[in-house]
1. Mind pulling the per residue volume of the convex hull built on the Cα atoms of the chain? Å³ is fine.
2. With r as the distance between the Cβ atoms of residue 181 and residue 25 and R0 = 30 Å, compute the FRET efficiency 1/(1 + (r/R0)^6) and round to 0.05.
3. Can you find, among 189, 128, 164, the residue sitting farthest towards the positive end of the charge dipole of the chain, where Lys and Arg contribute +1 and Asp and Glu -1 at Cβ?
4. Given the chain, what percent of its DSSP beta bridges are antiparallel, to the nearest 5?
5. Mind grabbing the base-10 log of I(q)/I(0) for the range 1-84 at q = 0.14, 0.21, 0.22, 0.25 Å⁻¹? Debye formula, identical points on the C-alpha positions, no solvent, two decimal places.
6. Starting from the Cα of residue 204, step 7 Å along the direction of its Cβ; do the same at residue 18; then give the gap between the two resulting points in nm.
7. At a 10 Å Cβ-Cβ cut-off, how would you order 167, 30, 139, fewest neighbours first?
8. What's the magnitude of the charge dipole for the range 141-187 around its Cα centre, counting Lys and Arg as +1 and Asp and Glu as -1 at the beta-carbon? Answer in Debye, nearest 20.
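Every number in this text was worked out from the coordinates using simple rules, so none of it is lab data. This one's a predicted model, so the numbers in the text were calculated from it and none came from an experiment. Here the Cβ positions follow ideal geometry from the backbone for every residue, glycine too, while neighbour counts run over all protein chains shown.
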Amino acid sequence: MEEKRYLTFALTKGRLASKTLSLLEEIGITCEEMKDKDSRKLIFVNEELKLKFFLAKGPDVPTYVEYGAADIGVVGKDELLEEGRRVYEVLDLGFGKCRMCVCGPAKAKKLLQHHEMIRVASKYPVIAKDYFYNKKHQTVDIIKLNGSVELGPIVGLSDVIVDIVETGSTLRENGLEVLEEICPLSARMIVNRVSMQMENQRIKEIIVKLRTRLAQQNGV
Ligand code: PRP
């Protein structure tokens with residue numbers, strides 16, 4: 001019989017990875033090697049199931065999957081929207097829930113109502129542009145930042161920000177608030193388009209098992 005090829009997973013480093021690994025473990029997919037926190041290895045293998053796993057930064061996960069360096073990825077919907085990669089989005093994993101919002105000081109609310117030319121700071125310029133240009137038809141100046149975006153309105157770089165809000169505590173502690181909600185976000189499973197054809201049976205089996213497990217968790 002022909003030797004099975006490895007299926008490779010690209011997981012988003014950090015909280016999403018640990019939640020993904022717990023969920024995969026619930027459907028019998030484990031990777032003991034990955035549990036060793038001191039390991040500096042980048043690729044982890046489950047020889048028995050012929051699976052490989054690696055961790056990557058969120059924005060890079062859709063890239064690995066689009067180019068086929070990984071067959072399957074787990075990544076936040078925010079990165080999928082921002083990166084616009086050609087991959088199949090097959091499952092909402094239900095964790096990593098948060099919202100993409102326009103935030104700022106309360107006084108900035110009126111700037112959004114009167115379609116004024118404002119400055120918007122964000123780690124997500126594509127999402128910000130789509131929201132302001134295509135949905136609100138408001139011309140804005142978008143400034144790309146790489147983190148701690150809440151600083152934007154505080155130090156006078158921008159009027160508002162477009163950013164992820166989870167608990168809302170970063171906003172509260174800095175005197176900012178949600179002004180408008182753009183969309184809900186959560187972790188998604190994505191699949192390379194060629195892998196979906198070539199390894200259809202194995203990938204479908206994983207999707208079905210995950211979907212069943214998620215439905216059980218939700219009491220459906
Ligand atoms: C994210 C996001 C907000 C914060 C929201 O930042 O950009 O700053 O979390 O979470 P909260 O609503 O629970 O306070 P992250 O921690 O990823 O770091 P960053 O600011 O460097 O992007």
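1. Values: hull volume 32.3 nm³, N = 220.
About 147 Å³ per residue, rounded to a whole number.
2. Numbers: r = 33 Å, r/R0 = 1.12.
Computed FRET efficiency for residue 25 and residue 181: 0.35.
3. Going by the Cα projections, it comes out as 128.
4. On the way: 25 of 42 bridges.
DSSP beta bridges in the chain are roughly 60 percent antiparallel.
5. -0.47, -1.01, -1.09, -1.31
6. Using points 7 Å along Cα→Cβ, the separation is 3.6 nm.
7. Values: 167 8, 30 16, 139 11.
Going from sparsest to densest Cβ surroundings: 167, 139, 30.
8. Details: 2 positive and 9 negative charges, 30 e Å.
For this selection, approximately 140 debye.
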